[in-house]
Amino acid sequence: MVRSGSAKDIDPTQSGKYRRVGASLLTSARALDAVAVPGDPYGNAIGVVAVHAAIAYNDALTIAFRGRKSTEGHHRRAADVLQRALGHRAKAEEVERLRSILVLKDRISYAGQYYTLDEARTLLRSAEAFAPWAKALYAERPAGS
């Protein structure tokens, strides 16, 4: 059984705002990556922005397809909300990719751990792999969302 996670109702017409934020954040993470050189302390910043890009794409999908948005404080169960919102459209590989991104959020943001540039780049590549699937699926959203 798929856990539902905490969620709230959101007007599906608002989904585009979240999709645009996801695209903007991913562009920002790429920009930080482009200027970073080995030894730069950008790991946590790139990681945080990449994680939030994936979260925004997730929210765009769950809002567009179900009119729901995850309200989990640490976003750990946002993938459960995605699974429930998409049903048979949820590609297991992409839901698991999202989960792997989300589990890193606390470590990058709140655990006081230094996140290396190499670690951040690996996370960014994961978010970059999630985004095209999310964008393609978003393009198939129900009318009126």
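Bear in mind that the values in this text are calculations on the coordinates, not laboratory data. Computed from a predicted model, the values in this text were never measured in an experiment. Backbone-built Cβ (ideal geometry, glycine too); neighbour counts: all protein chains shown.
For the reader, a short list of remarks on this structure follows.
- Relative contact order of the chain, pairs being alpha-carbon contacts under 8 Å that are 6 or more residues apart, as %: 36 percent
- Within the set (1) 1.25; (2) 0.96; (3) 1.02, the number that Cα Rg over 2.2 N^0.38 Å takes when calculated for this structure is listed as (3).
- Put in order of Cβ neighbour count within 10 Å, fewest first, the listed residues Asp118, Asp80 become Asp118, Asp80.
- This model, with +1 at the C-beta of Lys and Arg and -1 at the C-beta of Asp and Glu, gives the chain a dipole about its Cα centre of some 480 debye.
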